[in-house]
Structures are given as C-alpha cells and as structure tokens.
Amino acid sequence: MKNLKIPFLVTIFFMSFLISCDEDIPQNVAFEAYTFAANPDINAGDWKAILLTSNEQIAIAAPNDVTSAEYKAELTNLKNTISNLSGDQKNIVQYWTNNPILRWNEISRELSAKYNLAPAPNADGSYPAPNAATPDKYPLFPFAHPPYSCRAFAYLAVAQFDALISCWHYKFKYNRTEPVLNDGSITPLLPNANIPSYPSDGATIASVSQAMLTALFPLEKEYLIKKGDECRSAFIWAGLNVQSDIDAGKLLGEEVAKVALARAKTDGMGAAQTPKPISDSLKQLAFNTFGWSWTNQEIPPRPVGITPYFGKVKTWAVSNIEAIRPPVPPKPGSAEFNAAADELRKISDDLTTEQRKIANWWADGLGTDTPPGHWNRFACDQISSAKLSPVRSARVLAYMNMAIQDAGIACWDAKYFYHYPRPIQTMPGFKTILGTPSFPSYVSGHSTFSSAAAEVLSHFFPSQAVTFNAYALEASNSRIFAGIHYRFDCVAGLDLGKKVAEATLAIAKVDGGE
Amino acid sequence: MKFTHVRSYTGMLGMLVFTMINLPNSGSAQSPTDAVMMEGKRICVAALFNQDKWDEYWEGTLLRSNGNIGELTRNTYSVMAAVGITDKINFLFNVPYVTTEPSGGQFKGAKGLQDLSLWAKLELFKKQLGPGTFTTHGVAGLSFPISNYLPDYAPFNLGLGCTEGQVRLMLQYLFDFGTYVRVSGAYFKRGTSTIERNYYYDTHGNYTNKVDVPNANHSLFTVGQWLFDKSLKMDVTYEIFNTIGGFDIRRQDAGFISNNMEATSFQVQLQYFIPKTNGFGVIANYGQVLEGRNVGKSTSFMGGITYQFGICKSKNEQQ
C-alpha cells in the first residue's frame with residue numbers, strides 16, 4: 001500500500017485547500033457604534049420638517065423628573081436588566097448600534113430585494129397582478145419594482161426625519177438627562193451622546209420605521225414587530241434609556257408614521273399601475289404624436305408595463321414635472337438613432353471584462369433592492385463614516401430619497417409620455433446580458449435615479465462629490481454596456497436627475513439644518 | 001480507451017445544468033466514475049461532444065417552461081486524457097469548452113472554457129471472487145475555473161465558478177461472462193464563487209460578492225455487458241445527484257448557483273473498440289433527467305472518439 005500514500009496526501013491537500021476557501025458570508029453590513037457626542041445637533045428640533053407642520057404637532061407629555069420616585073424606580077429596573085443581559089442581548093445591542101437608522105435602512109433594502117419579483121404568467125398567457133387588499137395571494141403584494149421601492153425608501157426616510165426633528169425638540173424642551181448621568185454605576189454598552197434621553201431617539205426610529213415598513217410590506221408584519229421590539233429593547237439593554245424614554249419615543253414614532261401614511265394613501269400610487277385601456281391609450285397617443293411606441297418583448301408579452309401613471313404620483317419637491325420633461329428623443333431610423341444603435345452593437349460584440357463588471361455591478365434588477373437601494377447603501381456607508389447623529393442621518397436619507405423618488409416620477413413621466421422602444425425592440429436580433437425592464441426606454445431610470453442621488457449626497461458630503469458623480473456616470477454607462485439603453489436615454493436621464501436634485505436641495509438649504 | 005461519466009453540474013437559471021459530459025466507458029481508457037485502470041506509462045485521449053437541451057425546468061419543485069428562455073442548448077466540447085502512472089495509480093484531466101444558447105427571449109448565450117478537472121484514481125482492492133472479479137477504487141479530484149466566465153448568469157452561465165474537490169468510492173463486480181454491476185458514491189466539496197456585485201438575496205440579504213456554493217452528493221448505479229469478444233460495451237446507469245443545502249428558486253425568479261439542486265436521471269451508453277485501428281474507439285451516450293429540483297429537465301446526447309497511443313493497447317481484461 002506504500003504507493004497509495006502520495007495520492008492520499010494529494011487528496012488531503014485538495015480538501016484542506018477547499019475548506020480554507022470557505023468564507024464567511026455576511027448577512028449584514030458591518031457597522032459599528034460610534035459616538036456623535038461631538039456634533040449632537042442640539043438645534044435639530046427647530047429644523048423644518050417635511051410633513052409635520054410643527055415640532056409639537058404630535059403631543060408628548062412631560063416626563064417625570066429625574067429626582068422623582070417613579071424615575072428612580074425606572075433606573076433601578078434598568079440596572080437590574082443590564083446586570084442580567086444574555087450574550088444574545090448584547091449582540092442585539094451591537095447589531096442596532098446607537099444609530100439604528102442604518103439598520104432600518106438596511107431592512108428596507110432587504111424587503112425591497114425580497115419583494116422585487118415580477119408576476120409569473122398564467123397558463124393561458126395572461127398575467128396576474130398583486131393586490132394590496134389581498135397581499136398574501138399570489139402574486140404577493142407588493143411587487144417592489146423601482147417605482148415602488150423608491151417611494152418606500154422616501155416615505156420611510158421622511159417619516160424618520162420628521163419624527164426625529166420632533167424627538168429632538170422634546171429632548172431639549174424637557175431636558176431629561178441620560179441614565180448614566182443620573183446614576184454613575186451605569187456603564188452603557190454603546191456610546192452615549194450626552195443629550196437628553198426623553199423621548200428615546202432609538203425608540204422613535206424603531207417605531208416610526210416599523211409602522212412605515214409594515215404598511216409598505218404588509219406580509220412582513222410579524223418580522224417587523226420582532227425587529228421593532230428588539231430595537232426598542234436594545235436601547236434599554238445598552239443602558240441609554242429608561243422605559244418611559246422608550247414609551248414616549250414609541251408614541252411619537254407611531255403618530256408620525258400615521259401622518260406620513262395619510263399622505264401615501266392619496267399620493268396617486270394606488271392608480272399608478274393602470275388598467276390596460278389606459279396603458280393602451282398612452283401608447284396610441286405616443287404613436288400618433290411621434291410615430292413610435294414601446295412594446296414589452298417578453299414571452300408571453302406583459303400587457304401593461306410597470307406603473308404607467310407613476311409619473312402622476314405626488315412629488316416631494318419638484319413643482320412641475322412637465323416643465324423639466326426632457327426633449328424629444330431621436331426618431332428610430334434617424335442618423336442620430338443609428339449612431340446610438342451602432343454603438344450598442346459594437347459594445348455588445350466586443351464587451352470587455354471591465355464593461356461586463358460595470359453592467360453587473362449596477363444591474364440592480366429583479367430580486368435586488370433596485371438602483372435606489374444601491375444609493376441608500378452608499379448613503380449609509382457615508383453616514384456611518386462621517387459619524388452623523390441620528391437626526392442628521394435621517395436628514396441626508398430624507399432629502400436623498402425624496403430626490404430619488406421625484407427623479408423616478410420625472411423619469412416615468414418621460415418614459416410613458418414618449419413611450420420610446422427599447423434596443424431589443426428596435427434592433428432585430430440584438431441580445432443583451434441583462435434583462436430589459438418592462439417599461440419604455442427614454443429616459444434611463446438608472447441614470448435619473450443615480451444623478452439625483454449623487455447630486456444630493458455631494459451636497460451633504462462635498463469631499464466625496466467626485467466619487468458620487470463618478471458612480472452616477474458609471475451607473476448610467478452600465479445600461480449602455482448591458483444593451484438596455486441607448487446613450488441618449490442615459491444622457492437625458494443624468495440631466496433630468498440633476499434638475500430634480502436641484503429642486504430638492506432648494507428645500508434642504510432653508511430647512512435650518514445646513 | 002475507457003472513459004465513463006465525467007459530469008459537470010452547472011447552475012442554470014438556478015437550475016442545475018445537468019451537463020453531463022458523458023465520457024466513453026469502455027476498453028482500456030477510463031474515467032473518474034468507472035472501474036478501469038490504465039497500465040503504467042500509458043496515455044489515452046478522448047475528444048468528446050455533448051449536447052444537452054431542456055425546455056422545462058423545476059422552479060423549486062414546480063416543473064415549468066419559460067418563453068424567455070425557450071429551449072436552452074448547452075454544447076460541451078471536451079478533451080480528456082488519462083495517464084497511467086502505475087497500474088494502480090492513474091491521473092485524469094478534462095478541459096471543456098462550453099456554449100449556451102437559448103432559443104427564446106432576449107438574452108445572449110455564453111461561451112468559453114469552463115473548469116479544468118484533475119483526478120487521481122487508485123485501485124484499492126482487486127480479487128477474483130466466485131464467478132467474477134471484485135474491485136474497489138478510490139478517486140480524488142479537483143476542478144477550478146480556467147476562464148473568467150460569469151457564474152451569476154443563470155441559466156446561461158458556463159459553470160459554478162468555484163473550486164470543487166471530490167472523493168469517490170467505487171465497487172464493481174465483473175462476471176467472467178462479461179456482465180458487470182457497479183455502485184459508486186461521491187462527495188463534492190465546493191468552495192466559494194465570486195460574482196460581480198456585492199449584494200445578493202437568497203433567503204436573506206448577503207453583503208458580499210462571495211457565494212458559498214453548496215456541497216453535493218452523487219451516486220451512480222450501473223449495470224453493463226461486454227459483447228462481441230469485448231469490442232462492444234453497453235451499460236445503463238441510474239444516477240442521483242443532490243446538493244447539501246441551498247435554496248429554492250422563488251416563483252418567477254432567476255436561478256442561482258447556490259440553489260438546492262437535485263436530479264435523478266438515467267444514462268444509456270455504448271462504446272465500441274474498432275478492431276484493427278490501432279487503438280481507436282467510439283462512444284455514444286444518451287441521458288435523460290427524470291426528476292429534479294431547481295434544475296433543467298434535460299436530455300443529452302454525447303458522442304466522441306477515443307484513442308490510446310504509445311504502448312497502450314486494449315486491456316479489456318482489466319475490467
């Protein structure tokens with residue numbers, strides 16, 4: 001058997017090599033808690049909210065004084081709880097950190113990815129549609145396509161922002177000092193911000209986020225209850241809040257969510273996925289006006305594209321969508337069109353490794369959190385490294401996502417107004433490396449979303465402006481590399497996104513938070 | 001020359017592309033899944049073409065068609081070699097060039113070199129027992145991508161994009177009158193695959209460009225017969241493949257390389273050693289997936305030429 005030794009050693013070598021290749025697959029972004037005590041934004045209570053008309057629109061009662069017996073009993077409870085924490089509870093604290101905005105954003109992106117699946121065709125070639133009234137009946141509600149997702153991110157962020165402005169207002173109005181300042185024996189598990197603790201900003205974020213996401217993703221109610229409870233508890237376990245801080249934050253968050261959801265009910269999204277006759281009339285109108293129209297190329301064909309009336313949904317900042325509508329694109333068959341089509345063929349025939357990578361990196365298609373989700377991740381990374389306070393984090397995310405949703409609305413207005421056919425429709429035999437989405441071509445959604453997001457982030461993080469603008473251009477080009485868009489779709493989209501962002505930033509610049 | 005099944009399992013629309021690169025099974029050459037050993041210092045090569053097609057696949061456990069794929073054709077052109085180091089230790093190599101082409105929809109197919117495979121095969125035990133010979137073989141293999149094909153392109157991806165190690169144990173009983181029964185079981189240990197994005201959703205979000213490709217089990221049950229003075233061999237194989245873990249394709253979602261892939265199939269194979277040709281042989285294989293999960297319901301045909309050179313000669317008695 002001596003001659004078998006070498007092959008056995010070879011085998012062992014192979015297997016150990018493979019085992020060593022196994023890597024951890026992180027299921028969360030590796031954020032760490034940081035202190036924002038250096039810049040706690042003590043005046044944020046006076047910032048202008050997006051939806052709330054005053055920072056006391058939601059009434060929060062004065063807390064018991066820190067010298068009261070009630071508060072002292074709460075402190076005693078807090079200390080008892082902290083002294084008996086399990087390892088799991090400590091891990092939960094470290095997961096949420098003292099700025100749980102980042103985790104709630106991550107959760108919203110995950111839900112967007114989870115629900116971003118198009119309905120499967122029926123056996124007869126027709127397609128079913130999700131129904132908000134029966135969300136658990138296939139196809140599940142929602143179909144979190146880019147319009148749905150960008151709106152979800154915007155409502156979540158706006159509600160968080162408004163709730164935290166009010167939270168900050170009450171913190172400094174009532175000025176209840178943090179547990180650690182009232183009892184030196186408490187050692188918080190997370191950095192304390194040295195700002196008043198009532199209402200709890202963590203509980204405010206948890207409750208407003210839980211309520212918003214439950215309305216947007218109704219089938220996730222149980223999961224979100226668990227997350228909300230965990231997040232609120234984490235601020236007790238961390239030693240940052242007593243129970244009455246949490247209760248006040250919870251009330252505030254839930255009430256602000258109601259205000260935001262009241263707007264959502266009447267913003268026009270309910271009518272965005274039009275019936276076929278309306279969809280057909282838009283197509284006919286474009287054909288009569290321009291001589292072209294878009295047709296879904298799937299087999300069987302989807303009779304209505306994604307949200308033909310998303311362009312009519314209520315905007316956050318842009319006052320007149322039609323005023324910024326991009327110019328008429330080149331007619332298929334024209335010299336300008338042919339040049340764009342030739343460029344796509346050439347790229348497709350000689351696709352480089354780098355181009356393929358860019359196309360895939362920015363694909364953000366079905367089963368992903370969409371381009372708006374991609375930009376939210378950049379924003380969260382930036383917020384974390386800049387160590388922003390929760391309220392300033394919310395401000396960045398609110399304006400960025402308002403701009404992204406308005407960009408989506410403006411983009412969809414152009415898409416269904418011009419009803420421009422996709423490359424796979426106009427270029428016979430043309431094949432792509434990514435799926436072509438089910439809506440018209442002009443202008444590019446990736447380009448519009450990305451340039452709006454980059455513009456807003458560049459305003460808040462000017463030192464990173466070059467990077468963000470480069471990302472936006474790359475996202476835009478990725479669609480050309482993938483054969484999804486003509487260059488003129490992308491150029492017009494970048495320009496449109498920029499205009500939308502300017503309107504959004506005009507509001508940000510006078511909200512008191514600059 | 002005697003090559004048997006060298007199988008390559010590839011994620012397709014999250015379905016396993018049950019790409020059997022079914023290599024010839026006969027004579028004096030050999031494959032990682034047969035019980036044949038080359039004699040020392042002999043080299044045998046094979047040129048093989050395999051075509052695998054499906055127009056239905058299992059989305060989880062739901063068998064469906066997809067107009068945006070139509071019929072997917074996967075062609076594999078491989079060159080294989082078997083080298084006898086000693087009579088009891090052989091090394092094998094396989095290099096496949098793969099093309100994928102859908103008949104429907106708007107997606108581009110893919111083409112390129114897939115994974116290089118290397119195996120070491122050992123004869124562990126051989127003994128005349130009653131009216132035949134009982135043999136036991138062990139095989140250890142390693143494969144890895146040799147081009148930058150994109151694994152994240154199901155069902156058009158060329159392969160899984162990961163390193164794979166395998167160990168296999170094979171038992172065979174060959175009756176002196178030419179009938180044989182063979183059983184083998186293998187474990188595939190897969191590494192991680194790198195995709196071109198840093199987030200993907202399986203049953204939850206994953207914040208990385210690395211995909212942990214599920215390990216797998218593979219079992220083969222073969223019954224065969226030698227005919228015409230051991231110049232023709234025919235056999236039938238029942239095959240069971242399943243990954244250990246992995247997730248189901250959701251309704252109308254694309255497949256992914258970490259899907260839970262299962263397939264049972266059968267193969268029929270003929271191999272003929274052409275007399276008086278100095279070592280040439282031909283081989284043909286037909287395969288059909290019977291049941292599956294997150295794989296294509298594929299039918300495959302394979303044909304190839306085998307040749308042994310140097311001092312190689314047909315050693316049928318080694319069966």
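The values are calculated or read from the model by the stated rules, or taken from the named source; none is laboratory data. Remember, it's a predicted structure, so these values are computed and weren't measured experimentally. A quick note on method: Cβ atoms are made from the backbone with ideal geometry, for glycine too, and the neighbour counts reach across all protein chains shown. To get the accessible areas, we keep the full protein, side chains included, count just its heavy atoms, and leave off ligands, DNA and RNA. Shrake-Rupley method; radii C 1.70, N 1.55, O 1.52, S 1.80 Å.
What FRET efficiency, computed as 1/(1 + (r/R0)^6) with R0 = 51 Å and r the Cβ-Cβ distance, is obtained for A:Ala271 and B:Asn217, rounded to the nearest 0.05?
0.45
Longest segment of chain A with no trypsin sites (Lys or Arg not before Pro) in a DSSP loop having at most 16 other Cβ atoms within 10 Å?
A:138-313
Picking from A:Thr307, A:Ser83, A:Asn182, whose Cα lies most toward the positive end of the charge dipole for the protein assembly as shown (charges on Cβ: Lys, Arg +1; Asp, Glu -1)?
Checked the options; the winner is A:Thr307.
Mind listing the phi-derived Karplus ³J(HN,Hα) values for the stretch A:269-279, rounded to whole Hz, using 6.51, -1.76 and 1.60 with θ = phi - 60°, and x for any glycine or proline?
Values per residue, Gly and Pro as x: 5, x, 9, 5, 8, 6, x, 4, x, 5, 4 Hz.
Take B:Phe177 and B:Arg251, extend 7 Å from each Cα along the Cα→Cβ direction, and tell me the distance between the two endpoints in nm.
For B:Phe177 paired with B:Arg251, the spin-label model returns 5.7 nm.
For chain A, what does -39500 (n - 2.57) per DSSP helix run (n ≥ 4), summed and divided by total residues, give at 222 nm, in deg cm²/dmol to the nearest 500?
One gets -18500 deg cm²/dmol as the mean residue ellipticity at 222 nm.
For helix A:221-237, report the angle its Cα long axis makes with the longest principal axis of the Cα atoms of chain A; keep it between 0 and 90° and round to the nearest 10°.
40
Work out the count of Lys pairs in the stretch A:395-514 where the Cα-Cα distance is under 23 Å, with the pair 8 or more places apart or on different chains.
Lysine pairs meeting both conditions in the stretch A:395-514 amount to 5.
Do any residues of the stretch B:150-164 lose at least 20 Å² of accessible area when the full set of protein chains is present rather than just their chain alone, and if so which, with a 1.4 Å probe?
Listed in order, they are B:Leu150, B:Tyr153, B:Thr163.
Could you sort out which of B:Lys53/B:Lys230; A:Lys72/A:Lys258; A:Lys79/A:Lys258; A:Lys226/A:Lys314; A:Lys137/A:Lys265; A:Lys114/A:Lys171 sit more than 29 Å apart by Cα distance in this structure?
From the list (B:Lys53/B:Lys230; A:Lys72/A:Lys258; A:Lys79/A:Lys258; A:Lys226/A:Lys314; A:Lys137/A:Lys265; A:Lys114/A:Lys171), the Cα-Cα distance tops 29 Å for B:Lys53/B:Lys230; A:Lys72/A:Lys258; A:Lys79/A:Lys258; A:Lys226/A:Lys314; A:Lys114/A:Lys171.
Would you mind giving the total buried accessible surface between chains B and A, with a 1.4 Å probe and ligands, DNA and RNA left out, rounded to the nearest 100 Å²?
4600
Taking beta carbons within 10 Å but only from partner chains, what does the mean come to for residues B:202-209?
6
Ordered by residue, what ³J(HN,Hα) values in Hz, to whole numbers, does the stretch A:45-55 give under the Karplus form 6.51 cos²θ - 1.76 cosθ + 1.60, where θ = phi - 60° and Gly and Pro are x?
x, 9, 5, 7, 7, 7, 10, 5, 8, 8, 6
Please work out the C-alpha center-to-center distance from the stretch A:145-214 to the stretch A:227-266 and express it in whole Å.
7
7 Å from Cα along Cα→Cβ at both B:Ile240 and A:Asn194: what's the point-to-point distance in nm?
Here the modelled spin labels are 6.7 nm apart.
To the nearest 20 Debye, how big is the dipole of chain B about its Cα centre, given +1 on the beta carbon of each Lys and Arg and -1 on that of each Asp and Glu?
Roughly 720 debye, rounded to the nearest 20.
Please give the length that would be gained between A:Ile25 and A:Glu70 if that part of the chain were fully extended, namely 0.36 nm times their separation in residues minus their C-alpha to C-alpha distance (nm, one decimal).
So the extension gain works out to 11.6 nm.
Residues of the stretch A:412-453 losing 40 Å² or more of accessible surface, assembly versus chain alone, probe 1.4 Å, please list them.
Flagged in the stretch A:412-453: A:Lys431, A:Thr432, A:Ile433.
A:Lys314 to A:Asn84: extension gain in nm, 0.36 nm per residue of separation minus the Cα-Cα distance?
Length gained between A:Lys314 and A:Asn84: 77.8 nm.
Work from the charge dipole of the stretch B:71-131 (Cβ charges, +1 for Lys and Arg, -1 for Asp and Glu, about the Cα centre) and give the residue of B:Phe93, B:Gln128, B:Gly104 farthest towards its positive end.
B:Gln128
Which percent of the accessible area of the protein assembly as shown is formed by carbon and sulfur heavy atoms (probe 1.4 angstrom)?
58
What figure, in Å² to the nearest 10, do you get for the accessible area of B:Val79 with a 1.4 Å probe and non-protein molecules left out?
90
If you take the beta carbon distance between A:Ala470 and B:Tyr97 as r and set R0 to 45 Å, what does 1/(1 + (r/R0)^6) give as a FRET efficiency, to the nearest 0.05?
0.75
State the Cα centre-to-centre distance between the stretch A:285-342 and the stretch B:146-185 in whole Å.
Taking the Cα centre of each part, the stretch A:285-342 and the stretch B:146-185 sit 50 Å apart.
Please compute the per residue accessible area over the protein assembly as shown with all protein chains in place, 1.4 Å probe, rounded to a whole number of Å².
Per-residue accessible area for the protein assembly as shown comes out at 37 Å².
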